[in-house]
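Enquirer: This structure is in C-alpha cells; I'll ask about it shortly.
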Amino acid sequence: MISDDEATLRTEVREWLHAHWDINRSLVAWRNLLVDSGWGMPHWPRAWHGRDLPVSLLPVVEEEFEAAQAVGVARIGIRLLAAATLLEHGSDSHKSRFLRRILTGEDTWCQLFSEPGSGSDLAGASTRADRDGDNDGHGWRVNGQKLWTTSAHHAQWGLLLARTDWDAPKHTGMSYFIIDMMQPGVEVQPLKQMNGHASFNQVFFTDAQVPAENLVGKIGDGWKIAMTTLAHERRNADALRRWGHASPHAGPIYDEERAEIATVMEPYKWYPQRAGRVDLVMKRARESGRLADPAVRQEIARLMMMSRSAEWLALRARQAKVAGKPEGPEGSLGKLVASHVARAASHVHTLISGADAMLAGADSPHDGLIAEILLSVPATSIAGGTDEIQRNIIGERVLDLPREPRMDTGPFRDVPRNPTRGR
C-alpha cells in the first residue's frame, strides 16, 4: 500500500522534473539546478543542498528520475566518499567550498591513504605534515609517498592522511587534510598492473602545502575520520556498478554525461574481472561442453550459492542504509565474502577452460577475458583493506573476540617499521 507521504513525494518530484528537466541544458547547469533544489541528494540536510528526506523514501525519487530519463548529480569515483566524510567531519567552510562542486562533477577527488611501507596497516602511515614555518606556522608542509591511489592523475583534490605527531601513539598522531593535487610539490606516477591496466598511481609529496583551513576536524583526529571514509567505501562497494553506466538516450546532456563517465570510470573498467565474472560461468560451461562434467557442475553450484548469499548480504547492507542506520562493520562482512566469491569464480573458470585460461589474444577464450579474470581476482583480497584486516574487524566488532596483542604501542617514532621517505 502506498503511503500518503510517498504519494505526495512522488507527485512533487514528478512535477518538478516536468517543469525543469531539459536535455538541452549543459550538464553543469542542470546539476547546479539540482543542487539548488535539493533533489540531487534529497536525504542530505537542507542547509547543505538536500531536503532532509528520510533515506527510506530515496527509491521514490530515484524511480521518478528514471521515469523522466533525467540525469542525476555526479556520483561516481571518490567524490561521494569525500562528500560523506566532509558532511560528518568537515567545517561549514569545507562544506560551502567543496560539496556543490562535488555534486556538479566539476571537481574530482582521490584518496591518499595507503603507503609502500605500511600496506594495510593504515595507522602505520609515515607521510608527514609539519607546521609551515614560512606561513607563520599556520599551514602545513607535506613530505612522503602514497601508493595505490586511484584517479590521482586527474584529481583536483585529495583526502590525505598524514602524521602530525611522531611522539604520539600511531593511531592518535595522524591528522586528516584536504590537499590541492595540482600544486607544485605533488608528483603523480602511474603504476602498470600485471593484468595490463594502469588504474593506480604512486604520489610523491615534496614540501607540498596545505593551508591551515584544509585541516579536517582537529589535529590528531585523522584515524577517526579515516574510519568514516573507509566505512562508506566498504558499505558502498557496489556503487560503481549502480552509477557507472552511461545513459543510452540521445541529447546534448547525455553526451556530456557519457564523456564524464568514460573519463572517471576508465580506472575501474577491469573491476568486473576483479570480482570474478560469475555472470560468465554458465555461458562458458555450456559453450565449452564442461557442464556435462559432474565435478565442474558441483563447483558451479557451490559458486552460485556463495554468489547469491553475497547478493543477499549486500541487499541487507543497502536496506540498513535505507533505514538510516549508521555505517558499521557489515561492510567488512560484504568485502570478505566478495573475496571468497571472486576466488571461487576464478577456480571455476580455470576448471572450465583448463590451460587455455592462461592464454591472451584473439584466439584465447573470450579474447583473453578469462586470463584477465585470473590475473585480476587477487586484487579483491587486497584493495580497500586485506582479508586479514576484515577478519580482525569482524572478530573484534561483530563476534566480540579479544583484540590481538599489540607490539606497536608507545611513541610512533620508536615503533619498528620499514624505512620510508620523509622521516
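Enquirer: What residue, of 68, 29, is farther than 26 Å from residue 229 by Cβ, surrounded by fewer than 19 Cβ atoms within 10 Å (Cβ to Cβ), in contact with a Phe, Trp or Tyr (Cβ under 6 Å, 6 or more places away or on another chain) and not assigned by TED's automatic domain parsing to the domain that holds residue 160?
Expert: Values: 29 fails: in contact with a Phe, Trp or Tyr (Cβ under 6 Å, 6 or more places away or on another chain).
68 is the lone residue from the list that is farther than 26 Å from residue 229 by Cβ, surrounded by fewer than 19 Cβ atoms within 10 Å (Cβ to Cβ), in contact with a Phe, Trp or Tyr (Cβ under 6 Å, 6 or more places away or on another chain) and not assigned by TED's automatic domain parsing to the domain that holds residue 160.
Enquirer: Among the residues of the range 113-133, is any modelled with pLDDT of 95 or more, buried (at least 19 other Cβ atoms within 10 Å of the Cβ), in the same structural domain as residue 207 (by TED's automatic domain parsing) and of a type in the set (Lys, Arg)?
Expert: Yes, the conditions are met somewhere in the range 113-133.
Enquirer: Hey, another quick one. Could you tell me whether residue 346 is out of contact with any Leu (no Cβ under 9 Å at 6 or more places or on another chain) and hydroxyl-bearing (Ser, Thr, Tyr)? Let's see the steps before the verdict.
Expert: Values: out of contact with any Leu (no Cβ under 9 Å at 6 or more places or on another chain): no; hydroxyl-bearing (Ser, Thr, Tyr): yes.
No: the conditions fail for residue 346.
Enquirer: How many of the residues in the range 157-176 are aliphatic (A, V, I, L, M) and surrounded by fewer than 18 Cβ atoms within 10 Å (Cβ to Cβ)?
Expert: So the first thing to find is which residues in the range 157-176 are aliphatic (A, V, I, L, M), and the list is 159-162, 168, 174.
Then keep just the ones that are surrounded by fewer than 18 Cβ atoms within 10 Å (Cβ to Cβ); that gives 168.
Here the count works out to 1.
Enquirer: Give the residues of the range 381-415 that are closer than 18 Å to residue 125 by Cβ, part of a loop (DSSP other than H, G, I, E, B) and either in contact with a His (Cβ under 9 Å, 6 or more places away or on another chain) or not hydrophobic (A, V, I, L, M, F, W, C) (or both), sorted by residue number.
Expert: 384, 385, 386, 406, 408, 409, 410, 411, listed by residue number.
Enquirer: Hey, another quick one. Quick one: which of 34, 87, 53, 81 is touching a Lys or Arg at 6+ places or on another chain (Cβ under 8 Å) and among the aliphatic types (A, V, I, L, M)?
Expert: Working: 34 fails: touching a Lys or Arg at 6+ places or on another chain (Cβ under 8 Å); 53 fails: touching a Lys or Arg at 6+ places or on another chain (Cβ under 8 Å); 81 fails: touching a Lys or Arg at 6+ places or on another chain (Cβ under 8 Å).
It is 87.
Enquirer: Would you pick out the residues in the range 336-352 that are aliphatic (A, V, I, L, M) and in contact (Cβ under 8 Å) with a residue 60 or more places away in the chain?
Expert: Quick first cut of the range 336-352, residues aliphatic (A, V, I, L, M) only: 336-338, 341-342, 344-345, 348, 351-352.
Selection gives 338, 341, 342, 344, 345, 348, 351, 352.
Residue-by-condition table, conditions (1) modelled with pLDDT under 90; (2) in a helix (DSSP H, G or I); (3) in contact with a Lys or Arg (Cβ under 9 Å, 6 or more places away or on another chain); (4) of a type in the set (A, V, I, L, M, F, W, C):
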site	(1), (2), (3), (4)
205	no, no, yes, yes
208	no, no, yes, yes
218	no, no, no, no
225	no, yes, no, yes
237	yes, no, yes, yes
240	yes, yes, no, yes
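Enquirer: Being in contact with a helix residue (DSSP H, G or I) (Cβ under 6 Å, 6 or more places away or on another chain) and either under 23 Å from residue 223 (Cβ atoms) or among the acidic types (Asp, Glu) (or both) is the filter; apply it to the range 71-81 and report the residue that is surrounded by the fewest Cβ atoms within 10 Å (Cβ to Cβ).
Expert: 81
Enquirer: Just to be sure I understand the filter: pairs with C-beta atoms under 7 Å, separated by 6 or more residues or on different chains, first member in the range 353-369 and crowded, with 16+ Cβ neighbours inside 10 Å, second member at pLDDT below 90 and β-branched (Val, Ile, Thr). Which pairs pass?
Expert: Within 7 Å, no pair qualifies.
Enquirer: Another one. If I filter the range 276-299 for residues that are buried (at least 18 other Cβ atoms within 10 Å of the Cβ), in a loop (DSSP other than H, G, I, E, B) and not assigned by TED's automatic domain parsing to the domain that holds residue 249, do I get at least one hit?
Expert: Within the range 276-299 (the criterion being buried (at least 18 other Cβ atoms within 10 Å of the Cβ), in a loop (DSSP other than H, G, I, E, B) and not assigned by TED's automatic domain parsing to the domain that holds residue 249), the answer is yes, since at least one residue qualifies.
Enquirer: Which residues, counting only those in the range 370-401, are surrounded by fewer than 20 Cβ atoms within 10 Å (Cβ to Cβ), over 29 Å from residue 116 (Cα atoms) and either touching a residue at least 12 places away in the same chain (Cβ under 8 Å) or not aliphatic (A, V, I, L, M) (or both)?
Expert: Selection gives 398, 400.
The values are calculated or read from the model by the stated rules, or taken from the named source; none is laboratory data. Here the structure is a predicted model, which is why all the values come from computation and not from measurement. Counting neighbours? That spans all protein chains shown, and the Cβs are built from the backbone with ideal geometry, glycine included.
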